[in-house]
Each structure stands twice: as C-alpha cells, then as structure tokens.
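Here the structure comes first, spelled out in structure tokens, and everything after it is commentary.
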Amino acid sequence: MGGHFTFSHLEFLGRGALWTVLLSALGFLGGGVLAFMVALCRISGARIVRVASGVIVQLVQGTPLLVILFLSYFGLPAIGVPVPPLLAAGASLNLYIGVYLGETWRAAIEAVPRAQWEAAECLALTRVQRMFRVILPQAVHIATPPTVGFMVQIIKSTSLASAIGFVELARAGQIINNSLLEPFPIFVLIAATYFAICYPLSRLSRRLEARSGFAPVEGAAP
Amino acid sequence: MGITLDFGAVLARWPMLLGGAWMTLELAAVATLLGFAIGVVCAVGRRGSVHWVARICGVYIELVRNTPFLVQIFLVYFGLSSLGLSLPAVTVAIAALCINVGAYSAEIVRAGLDSVARGQVEAGETLGLSRLQVYRHIIFPPAVERVWPALTSQFVLLMLASSVCSQISAEELTAAANFIQSDTYRAFETYIIVAVMYVVLSLLLRAAFWALGQVLFVRRRRLGTAI
C-alpha cells in the first residue's frame, strides 16, 4: 500500500485529539466526584468505612489500568453484562482516576493543620460546617498544584483506551499507520501532539507549586 | 439471566500465568536498575554547571514526562526497526521502560539531591573531598534515603506500566491473559485472576523495597536522630 500524508489524515488525527481531550475531561469530572467521595471515606469517623475504602484503594492501585479496561470491556460481556465501549472506557478511567486523585485530596485535607479543626470546633460548628467552611477551602488551595499535575496523567492514561478500540489520538495514529505504513514519523507527530496538550499543564502545575510553597515528591503514572 | 463463573478453566493454565508473572518481574527488575542509573545520571547532570548537559537532561525529562508510555513504546519499536534493527519484543520493551522510568526517577532523585543542606556540601569541600567523593559520601546517601518512599511508588507503578508492553506482544502477564481469554472464552475470570496477581506482585515489590530500605539506611542511624 503506502501513500502520502494528506489533509484528510490530519483531520482524522485532529478528531482523535478531540476525543482524547473529551475523554480526559469526562474522566476528570467523573473521577473528581469519585475522588471526593474516596477522600471523605478515607478520613471518615467510622472505622469500617475507613478500612473498606482503604482496601478498595489498595486493590485499584495494585492493578494496571490496562487490566481494568480489559476486565470491563471483555470481561463483563463474557459473563452476560453488555457494556458499550464508551461506557467501559469511561467507567474504568473514572475508577482509576477517582482512586489516585482521592488519595491526593486526602493528603491535602490531612495537610490542613490540626489546630484549624480545633478552632472550628471551639466556634461550635458542626462536623459538616467544619469540613465545608473551614477545612476544604484551605485543602483546595493545597490540592490545586498536584491536581493540575494529575491532569497530565489523565490525558496520558486515556491513550490506553486505544487498546479496547476506542479511536482517540493514539488509536488514530495506529489506523493511519495501517494505511500509510510510515510508523516512525506518524508516531513522532502523535507524541508531539500529546506533548503540546500536556506540557502547558505541567508548566502551570509547577508555577502554582512554586507559588504555594508546597512541593510534594510523589510517584507519577507513566 | 444467571451468571456462572468458572475459574478452573483459567487456573488450569497456571504455567502460562506464572511464566507471564515471571516475565513481568524480569522486565520490572531490569528496568528499575537501569532506569534508576539513568535517573541518577540525569539528576546530577541537570544540577551540574555544564549548561548544555543540563539542557539536554531537562529536555529528555520533559519529553518523556509529557507523552504517554504507549506512544513511547511504539516510537522505540518502530524507530529501531526503521533503523534496520529488528530486536525481540522483550528487548524493545526493556529499552522503552528504561527510557520512561529514567525520566521519572531523575525528577525524584533531583528532589532528594536538592534537599541536602548546602552546609553539608561545604563541610565536605572543606575536608578536601573531590566532587565525586562529595556526591558519593555526603549528598547521595541521605538524598536517596529521603526519597526512598517516592522511588518505591515509582518502581511499583513501573511494574504496573509494564502491562502496556503486551501491546507490542512482549509475553508478560497481560499478554498471557489476553492469550488465555481468547483461548478459553473466560475473559472475566482471566482478568480477575490476573488483577489479583498484579496486586500480589505490587505488595511483594513494596515489601522488597521496604526490606531493602531497612538494610540500606536505618541501621546507620540511632533512633530519634533526624536524617
């Protein structure tokens, strides 16, 4: 076969990039809601909730995203639960993001000084008021730089949805390569597109980090 | 509609599962060692006074950290073959993993190196130690000890990321799972078992790094003293 790289290929890649951004946004929204619940469960007053959420976090953090994706995409239909691809990809990403981001947010909540809880208690605020009026506004400030940094991880992790046939940027590259058979330049272009999306976010995260004075050292998913 | 699970059909393929898990561990071990070495070199290079070396290390780190591993592994795979080198998938997988984890561990090691107080380095220089000796004896041990937990997480994430190597048909655990599920039609059971195996592997890896940390660091310090 072979052939030349034309405008329609570029358009196809553009559509793939758009899906990458859209899938990332969906993942961040759904994962964010889940992450908030995970963070609250992990610091809950009830021991059973703390332990149960801790076990779930350990299980998800010990499993590769690719296996979670395969489990929901191939596994659920095999036992008679039909799942459309978009739902499988979205739900797996949400679970994965919710757990990792939830741990980040829990750390941010726990980084708010103990005295703030005590002061709020002295003002006779209820537990919910303490959380939403005193602790969370400060925790949001602490959590912002690592959360922006984590968006880069989300964007990169959506590339794995290509393994279950979801046509985002990485998959679009594979499809074009199947017709042009010029893998190296095509994947350089794909990598450059990812870089163009992720690098500004990385920079922003580092700027925010420098300004807030918090510079946590932590592992990052490749 | 009843759901019937049959783990037996999958577990009967245990030699393949164990073989895959072993390959995953091998990939992770080699990539951890080489990647850590790359990370240390880059971290030192980036902090160094030679401008162009620092620049190159910085560009490498940013390029790797802002692109997905899946694309990196395709680039290495097709890049090497367009140079006329057709290497086995496992070699390509190890090369891609090393390049990837090198950049991540460089950033972690750099944070550790930066955390060593300036006065310690000056004290070492006053004693007439060479630059290499200062790094080897004064900066390096406390720096690595401080970022050991972050390095541990990174290397566990690396082991999990090696699942992506199944996409270029390196025969590790996820690739074994893909083969077994297409052979037995027991996709759900296969991936559940493999997920449990990954959880066990990551717990083992964490335990190993904790034990290594105990041997490498703690015994040299009296209790209650700061790092």
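What follows is calculated from the coordinates using simple rules that are stated; it is not laboratory data. Predicted, not measured: the structure shown is a model, and the values here were computed from it. Here the Cβ is made from the backbone with ideal geometry for all residues, glycine too, and neighbour counts use every protein chain on show.
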Given charges at beta-carbon only (K, R positive; D, E negative), |dipole| of region B:7-220 in Debye: 580
Peptides A:41-47, A:21-27, A:147-153, A:100-106 ordered by average Cβ neighbours within 10 Å, highest first: A:100-106, A:147-153, A:21-27, A:41-47
Per-peptide average of other Cβ atoms within 10 Å, ordering A:176-182, A:29-35, B:147-153 highest first: B:147-153, A:29-35, A:176-182
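What percent does the relative contact order of chain B come to when contacts are Cα pairs within less than 8 Å and at least six residues apart? Before the final figure, lay out each step's value.
Details: 229 pairs, mean separation 68.3, N = 227.
Dividing the mean separation by the residue count of chain B yields 30 percent.
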Of A:146, A:64, A:85, the one that fluctuates the most in a GNM where chain A has Cα springs shorter than 10 Å: A:64
Label-reachable residues, region B:6-41, where backbone N falls under 17 Å from a point 7 Å from residue B:207's Cα toward its Cβ: B:22, B:25
Theoretical FRET efficiency, 1/(1+(r/R0)^6), r = Cβ-Cβ of residue B:132 and residue B:55, R0 25 Å, to 0.05: 0.65
Cβ-Cβ FRET estimate between residue A:210 and residue B:184, R0 fixed at 41 Å, reported to 0.05: 0.15
For A:69-78, mean number of other protein chain Cβ atoms within 10 Å: 6
With Cα atoms, 0 to 90° folded angle of helix A:169-180 axis to chain A main axis: 10
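Local charge sum around residue A:5 (other residues, Cβ-Cβ under 13 Å, Lys/Arg +1, Asp/Glu -1)? Provide the component values of the computation, followed by the final result.
Numbers: positive: none; negative: A:11, A:182.
With Lys, Arg at +1 and Asp, Glu at -1, the net is -2.
Could you compute the net charge surrounding residue A:112? Neighbours are other residues with a C-beta less than 13 Å from the C-beta of residue A:112; K and R count +1, D and E count -1. Intermediate results must be reported in sequence, preceding the final value.
Values: positive: A:106, A:114, A:130, A:133; negative: A:110, A:118.
Value of the local net charge: +2.
How well do other chains shield peptide A:142-155, expressed as the mean number of their Cβ atoms within 10 Å of each residue Cβ? Don't skip to the end; give the middle numbers.
Values: counts 0, 0, 0, 0, 0, 0, 0, 1, 0, 0, 3, 2, 0, 3.
Mean shielding by partner chains, rounded to a whole number: 1.
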Region B:54-167: C-alpha gyration tensor shape, a/c 1.5 cut-off, then a/b vs b/c: prolate
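How long is the gain from residue A:182 to residue A:138 if the chain were fully straight, where each residue apart is worth 0.36 nm and the alpha carbon distance is subtracted?
Values: separation 44, 0.36 × 44 = 15.84 nm, distance 5.10 nm.
So the extension gain works out to 10.7 nm.
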Estimated FRET transfer efficiency when R0 is 41 angstrom, pair residue A:18-residue B:12 (beta carbons, to 0.05): 0.35
Vicinal HN-Hα couplings computed from phi for region A:136-143 (Karplus, 6.51 cos²θ - 1.76 cosθ + 1.60; Hz; Gly/Pro x): 4, x, 6, 5, 4, 4, 5, 7
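Classify region B:7-220 as rounded, prolate or oblate, taking a ≥ b ≥ c as the square roots of the eigenvalues of its Cα gyration tensor: rounded when a/c is under 1.5, otherwise prolate if a/b is larger than b/c and oblate if not. Let's see the in-between values first.
Working: a/c = 3.30, a/b = 1.75, b/c = 1.89.
Oblate, because a/c is 1.5 or more while a/b does not exceed b/c.
Label region B:10-87 by shape, choosing from rounded, prolate and oblate, from the square roots a ≥ b ≥ c of the eigenvalues of the Cα gyration tensor; if a/c is under 1.5 it is rounded, and otherwise prolate applies when a/b is larger than b/c, oblate when it is not.
On the way: a/c = 2.98, a/b = 1.89, b/c = 1.58.
Here region B:10-87 falls in the prolate category.
Just want to confirm a number: the relative contact order over chain A, from Cα pairs under 8 angstrom separated by 6+ residues, in percent. Provide the component values of the computation, followed by the final result.
On the way: 229 pairs, mean separation 67.3, N = 222.
Taking the mean separation of contacting Cα pairs over the length of chain A, I get 30 percent.
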Formal net charge of residues neighbouring residue B:109 (Cβ-Cβ distance under 11 Å; K, R +1; D, E -1): +2
Average beta-carbon neighbours from other chains, 10 Å sphere, peptide B:178-191: 4
